[in-house]
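Before any comments, here is the structure.
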Amino acid sequence: MIREDLLQFKIMIVDDEAVNVQLLEAILRREGFENLCGITDSRQVLPLVASFQPDLLLLDLNMPYFDGHEVLQQLKGCNQNGLYLPTLVLTADATSAMKQKTLAGGAKDFLTKPFDRIEVLLRIANLLETRDLHLKLWAHNQTLEEKVLERTSQLEASQIEALERLALAAEFRDNVTGEHCRRVGETSGAIARVLQLPDGIVQLILRAAPLHDIGKIGVSDLILMKPSSLTPEEFEIMKSHTTLGSKLLIGSLYPLSQMAEEIARTHHEKWDGTGYGGLVGTDIPLPGRIVAVVDVFDALTHARPYKKAFPMEKAFEIIREGAGTHFDPTIVEAFFVCVEEIQGIYQRNAS
């Protein structure tokens, strides 16, 4: 009568009359069910559902402590994963009012007392077949979700790799080592952690910061590699790398590209409003304020076509002096909180 594969399913019986529990257990065992749990105290239902994890609940309505309606409400509250747990109500009251109330409470079917063996097995078979289909559908959906997550992860990894290579392409214009990108990313991430930003934001800053100079792809080598000071006209062209970088990255649906665009556009803003775009104070996005400090520090401590590298202590002094004018004082404070970590970053990524 019942499919053999359904006999492994677990059934819980709740009835305050022990004789009813024993009768139902006998019917089920005779059919081949072995995973049974029978109780007469409705107060035990929730903890036993959690531990036994039944596939079907046979539930009496008229019980002391918690009646069947109350148990149904309790089960609604604890079913956080949304898995389908069919409930077969045991009752001697077959009135329409009772059936409507019980179905509204979450019951799926009824067994009328006294029990008829054939009816018991048919109703249980129907509910277990539904349970089986639900579990198979749930497992299929889980597999699909895992595949989607895996594919999404692969796409994100591809995007990160493409952006990293794009950052290196820009840096190779005036620094063939590629270490500048790495230093700026790691240092920006260190400062973001000191500021206690959420882990997800820290990771975005760490990965987006290396793209701050991506707009230099559109600036002539004659300007990038010029060994002397730039003329006012040349400096205006150099300044355009922030807007060029923004144009390259703007419009993306991906958070990483969105943050990279923000950093590329604002990392030359100054706290006092005298930067490239004239933004002042907290109008400058926080990632841009972080990279502003890091980018200047890195430029100070490394040689460029137009200057020699400054000693690190001199660079520290310049960063301190810039707090409140060039830099956000809070970012400068965070910079020096993690200064030992920053020195380690520079030792690992020396060039």
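Bear in mind these aren't lab numbers, they're just calculated from the coordinates by the rules spelled out. Note that the structure is predicted; figures quoted are calculated from it, not measured. Don't worry about glycine lacking a Cβ; one is built from the backbone with ideal geometry, like all the others, and counts go over all protein chains shown.
The simple Förster model, with R0 at 30 Å and r as the Cβ-Cβ distance, assigns Ala26 and Thr95 a FRET efficiency of 0.55. Count Lys and Arg as plus one, Asp and Glu as minus one, and take only other residues whose Cβ is under 13 Å from that of Pro287; the net charge is then -2. For Leu90, the residues whose modelled amide H falls within less than 5 Å of its own, excluding neighbours fewer than 5 places apart on the same chain, are Leu59, Asp60, Leu61, Leu111. Here the calculated FRET efficiency for Glu341 and Leu46, from their Cβ-Cβ distance with R0 = 41 Å, stands at 0.25, rounded to the nearest 0.05.
For the chain, the share of DSSP beta bridges that are antiparallel, to the nearest 5, is 5%.
Which residue fluctuates most in the GNM of the chain (Cα springs below 10 Å): Pro47, Pro287, Pro311? Comparing Pro47, Pro287, Pro311 in a Gaussian network model of the chain, the most mobile one is Pro47.
Under 1.5 on a/c is rounded, so check that first for the chain, then, if it is not, pick prolate when a/b is larger than b/c and oblate when it is not; a ≥ b ≥ c are the square roots of the alpha carbon gyration tensor eigenvalues.
Values: a/c = 4.14, a/b = 3.51, b/c = 1.18.
Prolate, because a/c is 1.5 or more and a/b exceeds b/c.
Using a Gaussian network model of the chain in which every pair of alpha carbons under 10 angstrom is joined by a spring, one finds that among Ser257, Ser240, Ser51 the greatest mean-square fluctuation is at Ser51. Alpha-carbon geometry of the range 172-348: the Rg and the Dmax are 15.2, 43 Å, given in that order. Cross-link candidates for Lys308: which aspartates and glutamates have Cα within less than 13 Å, leaving aside residues fewer than 8 places away along the same chain? Qualifying aspartates and glutamates at Cα under 13 Å: Asp298.
For each of Trp271, Trp138, count neighbouring Cβ atoms within 10 Å of the residue's Cβ, then give the residues from fewest to most.
Values: Trp271 25, Trp138 14.
Ordered by Cβ neighbours within 10 Å, fewest first: Trp138, Trp271.
At a Cα cut-off below 19 Å, give the lysines reachable from Lys247, other chains included and same-chain residues fewer than 8 away excluded. Excluding near neighbours in sequence, the set is Lys216, Lys239. Within a straight-line Cα-Cα reach of under 16 Å, Lys226 can be paired with the following aspartates and glutamates, leaving aside sequence neighbours fewer than 8 residues apart in one chain: Glu171, Asp174, Glu234, Glu236. Which cross-chain or sequence-distant (5 or more) residues have an amide H under 5 Å from the amide H of His212, H modelled 1.01 Å from N in plane? So His212 has HN proximity to no qualifying residue. Remark: the Ile237-Asp221 segment gains 4.6 nm on full extension, using 0.36 nm per residue and subtracting the alpha carbon distance.
So, R0 is 41 Å and r is the distance between the beta-carbons of Arg304 and Arg151; what FRET efficiency does that work out to, to 0.05?
On the way: r = 43 Å, r/R0 = 1.04.
Computed FRET efficiency for Arg304 and Arg151: 0.45.
Rank these for me by crowding, Arg123, Arg265, going from fewest to most other beta carbons within 10 Å. Kindly include the intermediate steps, with their values, before the conclusion.
Values: Arg123 19, Arg265 24.
Starting with the residue having the fewest Cβ neighbours, the order is Arg123, Arg265.
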